[in-house]
Amino acid sequence: MRRRFCQLNLGAVNSKRNITTTAQCQQADGLELGVNSKQRTCPVHQRPRSTHAALETPVFGTATSSAKSWEEVPGPKPLPLLGNTWRFAPYIGNYSVEHVDKVCLSLREQYGDCVKMAGLLGRPDMLFVFDAREVERVFRSEDGAPHRPAMPSLNYYKHVLRKDFFSAEENCAGVISVHGDSWSAFRTKVSRVALSVSAAAQYTEPVAEVADDFVYRISKIRNKDLETPDDFLNEIHKWSLESLSLIALDTRLGCFDACAGSDSQRLIDAVNTFFLCVGELELRAPWWRLYPTRMFKQYVAALDTILSVTLKYVERALEDSKTGGNKSLLQELVTAAGPRVAAVAALDMFLVGIDTTSNAVASILYQLSLRPAVQEKLYEEITKVLQNRPMRPGDVNQMPYLRACVKEVLRMFPVVVGNGRQLTKDTVICGYHIPKGTQVIFQHYVMSNSEENFVSASEFRPERWLLKTSGKHHAFASLPFGFGRRMCLGRRFAELEIHTVICKIVQAFRMEYHHELLDYHIHPMYTPNGPIRLKMIER
Amino acid sequence: MSLRNIFRTVRSTHSYLLRYNYLGASFSNYKSVVPLSTNIPALKDEKVKVTFVLNDGKRIETEAKVGDSLLDVVVNNDLNIEGYGACEGTLTCSTCHVILKQEDFDRLPEEASDEERDMLDLAYGLTDTSRLGCQIIMSKDLDGLEIQIPETINDARS
């Protein structure tokens, strides 16, 4: 076995090189890194495996002997004392938190397919991975409780500040920032309910009603030029919150009529604050660990608001549900796992389910507004399926082009630019020995926009997702919802909401955009930077 | 101020939660929540034969209850297939990937859903007659079904 791998390595090193990846690697440190996209130098590439499978295989052990050490992984050198955190500091650092996307592109240019980011204060070392095959391998070797890099600040909130609430019952801390057995037990309880295809389908009609209300709302808030107002994103947030509260809390919050001070506006503001703070608290120097900074106080207050509003509605929904006959998600969760699990699941859904969905929708609408031909094709498909009747479960499955458009926008502009795992065991990645505990960040934004993984990557081509032939692109390059046991728990609902609202809007309006093209930035979702002023013309 | 409010809410909810707390859910609960079979009712004691052909050529013949998914069959019969069904049938992984014979593939009552297809795209060694085991529901028509477990899942055991 060992000899075979050695030969493989030798073979690849001696053979002619593929220019793109390796060239960069060599540039990086002048050594042969053994990372070569076409020739599969990394020994373990030969045998991609399913989840669990690699756990007991001898492959990792064998590979270790030929793998280079962790110290040799290229990357920006941390300064003594300051580490690498200073690079993200305002004014003095050249890495902007808002433009992590561009930072990552240039890191790859400079260092190659895997880059070490060591010395971030208060965090474990990170490894950025830009090779889809390595992503596949790490995902496939996952055990039953993969460890997702926690947000230390949320961790602190759940496990220190509000310990009384989240630890009052066993395995009830939720899914975000929770790990190991506790995570696994909670996830199992919830995912059977939340991820079942039928659970989402039963919300088709109510979600379509919310989308109808949103279409009506759009027609009302346009200015005299028929353009959406500068704060259109906030309006999309309202739609998202309205849809999610319908699913998670069995309640129509009435967000479209939300005024300052109402529960729904407080919830929207709190979720916004939460997300703006998370990026800053996590990537910048963690002063909050020493004393409660202003931002940290805002952050905790936001979380408290979300928690209290959520609990209020869960409680109300539970009271109501005693009389109602139909089985909603909330009731099913209560039946399957108890009310506390349902409440915490709802909280987690609010933490990560509102602005991810709404930023995706904003991004999709903006991209569509730049492409009238795509809109026409979509309109045609939608009319053919719906034929002027209301939406029914399963309709979206008849709309492959719509699904493809959503996938294509999420490929080019994934709302979450990267995904990650904290290694639960020593692993060889890109031919380097990566120690347990390292945070491995899969750079999906970079991978899904690279020519190696997608032909004509810079072009918007929904058709690429409709090709029947497999092997058209690497399946692990673009994974907007992740993969495996820790895949996005709200995926079914997010997809239902997104498909429904895009369908309704395209059906009602022709969208145009008449301003300067928008750049994207991380805010902290990857989203168009600037007011989304779309001209909405009734069809 | 807001903090006090929360704790008040938490406290009141807490008492509520205590009253209605089911300590863990039994498997039967899950069944009622997410029926694994989509259209065929699980008839009592009706069994059919299924054969799993592992990568090393080993054949496992077993009985399956009508209405169970292939994943249920593997789990309920303790078939030791490493890594099979990691996500517990929630369509978030592709570890229950199976390869069918063309004629079996064609006679399945339902085509793969979009959700299943999205996951199949991520399956290792995808073929034209690949499906996910968690989505194949056993029926009387499928008696004697023979399925191939692709290489990646079981060769780790050797």
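I need the peptides A:67-79, B:59-71 ranked by packing, meaning the mean over residues of other C-beta atoms within 10 angstrom, with the highest value on top.
Taking the mean over residues of other Cβ atoms within 10 Å, the ranking is B:59-71, A:67-79.
What are the lysines whose alpha-carbon lies under 29 Å from the alpha-carbon of A:Lys102, with same-chain residues fewer than 8 places away excluded?
Within the straight-line limit of under 29 Å, A:Lys102 reaches these lysines: A:Lys38, A:Lys68, A:Lys77, A:Lys116, A:Lys407, A:Lys436, A:Lys472.
If I take R0 = 45 Å and measure r between the Cβ atoms of A:Lys297 and A:Glu71 in this structure, what FRET efficiency does the formula 1/(1 + (r/R0)^6) give, to the nearest 0.05?
0.70
Residues of A:488-499, mean number of Cβ from any other protein chain within 10 Å of their own Cβ, rounded to a whole number?
Going residue by residue through A:488-499 and averaging, the value is 1.
Considering amide H positions built from the backbone, and no H for Pro or chain starts, which residues 5 or more places from B:Glu46, or on another chain, come under 5 Å of its amide H?
B:Val66
Can you tell me the dipole magnitude for segment A:359-418 around its Cα centre, using point charges on the Cβ only (Lys, Arg +1; Asp, Glu -1), in Debye to the nearest 20?
So the dipole magnitude of segment A:359-418 works out to roughly 100 debye.
Counting only other chains, what is the mean number of Cβ atoms within 10 angstrom of the Cβ of each residue in peptide B:90-100?
Shielding by partners across B:90-100 averages 6.
To make sure I understand the rule: partners must be aspartates and glutamates, Cα under 13 Å from the Cα of A:Lys377, and not fewer than 8 residues away in the same chain. Which ones qualify?
A:Lys377 reaches A:Glu463.
What is the spin-label model distance, in nm, from B:Lys101 to A:Arg371 if the labels are put 7 Å beyond Cα along the C-beta direction?
About 4.4 nm separates the two model spin labels.
Students often forget the sequence filter, so: which lysines lie under 27 Å Cα-Cα from B:Lys58 once same-chain residues fewer than 8 apart are removed?
Correct list for B:Lys58: B:Lys47, B:Lys49, B:Lys101, B:Lys140.
Taking only protein heavy atoms into account and a 1.4 Å probe, give the accessible area per residue of segment A:247-346 in Å².
On a per-residue basis, 39 Å².
Which links in A:Lys238/A:Lys535; A:Lys220/A:Lys504; A:Lys224/A:Lys535 stretch past 18 Å when you go from one Cα to the other?
The pairs that break the limit, which is 18 Å between Cα atoms, are A:Lys238/A:Lys535.
Calculate one ³J(HN,Hα) per residue across segment A:161-177 by plugging θ = phi - 60° into the Karplus curve 6.51 cos²θ - 1.76 cosθ + 1.60, and present them in order as whole Hz with x for glycine and proline.
3J(HN,Hα) across segment A:161-177, in whole Hz: 4, 10, 4, 4, 6, 7, 10, 5, 10, 5, 6, 10, 8, x, 10, 8, 6.
The values are calculated or read from the model by the stated rules, or taken from the named source; none is laboratory data. Remember, it's a predicted structure, so these values are computed and weren't measured experimentally. Virtual Cβ from ideal backbone geometry, glycine too; neighbours counted across all protein chains shown. The accessibility values were calculated without ligands, DNA or RNA, using every heavy atom of the protein model including side chains. Shrake-Rupley method; radii C 1.70, N 1.55, O 1.52, S 1.80 Å.
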